[in-house]
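S.K.: Quick one: the structure is below, and I'll ask about it shortly.
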Amino acid sequence: MPVIATETGLEKLKMPPVDLIYDDGEPLESNRHRVGMNVLIRSLNQAYAPRNDFFAGGNMFVYYSSHQVKNKDFRGPDFFVFLNIDGSHPRQAWVVWEERGRYPDVIVELMSSSTAKIDITTKKDLYEQTFRTKNYFVYDPFDSSSLRGWCLDHNQSYQEIERSARGWLWCSVLGFWLGTWSGTIDRETAPWLRFYDSNFNLLLLPEEVEQQRAYIEKQRAEAERERAEAERERAEAERERAERLAARLRELGEDPME
């Protein structure tokens, strides 16, 4: 989704609130793009569940200048993260001059054939030169080899992030890997862009966490059932052994009860 770079400055961040638009009425490129965006948001929210000092959003306008508002350049990143902010505050859009001049710390754009060029040119320049977003990534949900990323260096310029042996990219801001995961989510099978921790463990969605808990509980219950069955069989074997011994003693004319 195109975003046009416009004038910025501290004086612009102090502008008074204006009537802002929060929905341009245009859908995402495809259902896969929509699901892919939600996968990133929901998995990060799950991973950071105990925390309240971050905000993860997607397909949500980022307002950063009066010129932008006047020109109605409404569209925002497909996925973004802000750290060290009040995550409990409800927001319909991210309005920079109402957020102490804060811009996204991490941005991911889910590309398509119609947006790929602007995602790696105009948007990349905007995020590098105006937003100063530390980590920027692009990925086409229909092309598992399309993942690319950049990180601001000490000169505040983007340097492309090298791929790992797995083909993943390290997101230094979050301390997570970004890589692909092939599977079915919301009834669609695709190579989804997912987060992995530093030990290469997949960051799970809430429903995957519940499935994992249910599986562990099932395994625990099965182990308990097998333990109880083994104990029952042991007790039965002990009872049979005692009965055989008693029978043998009676054959020998001895009273097993004495």
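S.K.: Once you have the Cα-Cα distance between N84 and D153, take 0.36 nm times their residue separation minus that, and quote the gain in nm to one decimal. Write down the numbers at each step before the final one.
M.R.: Numbers: separation 69, 0.36 × 69 = 24.84 nm, distance 2.08 nm.
Difference between extended and current length: 22.8 nm.
S.K.: List S65, S182, S43 from most exposed to least, where exposure is judged by having the fewest other Cβ atoms within 10 Å.
M.R.: Taking fewest neighbouring Cβ atoms as first place, the list is S182, S65, S43.
S.K.: In angstroms, what radius of gyration and Dmax does segment 141-258 have, counting Cα atoms only?
M.R.: Here Rg and the maximum Cα pair distance are 30.2, 100 Å.
S.K.: What is the distance, in nm, between label points placed 7 Å from the Cα along the Cα-to-Cβ direction at V209 and at Q46?
M.R.: Distance between the two pseudo-spin positions: 0.8 nm.
S.K.: Counting only DSSP beta bridges with both residues in segment 10-204, what percent are antiparallel, rounded to the nearest 5?
M.R.: DSSP beta bridges in segment 10-204 are roughly 80 percent antiparallel.
S.K.: Now, a different point. Over segment 140-258, what is the relative contact order in percent, taking alpha-carbon pairs closer than 8 angstrom and at least six residues apart?
M.R.: For segment 140-258, the relative contact order is 13 percent.
S.K.: Contour minus end-to-end for E98 and D197, with contour as 0.36 nm per residue of separation and end-to-end as the Cα-Cα distance?
M.R.: On the way: separation 99, 0.36 × 99 = 35.64 nm, distance 3.23 nm.
Difference between extended and current length: 32.4 nm.
S.K.: I would also like to ask the following. Any idea how far apart R163 and E231 come out in nm if each label point goes 7 Å out from Cα toward Cβ?
M.R.: With each label placed 7 Å out from Cα toward Cβ, I get 5.4 nm.
S.K.: Sticking with this structure for a sec: List, in order, the whole-Hz ³J(HN,Hα) value for each residue of segment 135-145 obtained from phi through the Karplus relation with A = 6.51, B = -1.76, C = 1.60 and θ = phi - 60°; use x for Gly and Pro.
M.R.: Along segment 135-145, the couplings run 10, 10, 10, 10, 7, 9, x, 9, 9, 5, 9 Hz.
S.K.: For segment 10-204, what does the relative contact order come out to in percent, with C-alpha contacts under 8 Å and a separation of six or more?
M.R.: 17
Computed from the coordinates by the stated procedures, all read-outs in this text should not be read as laboratory data. Computed from a predicted structure; not experimentally measured. Here the Cβ is made from the backbone with ideal geometry for all residues, glycine too, and neighbour counts use every protein chain on show.
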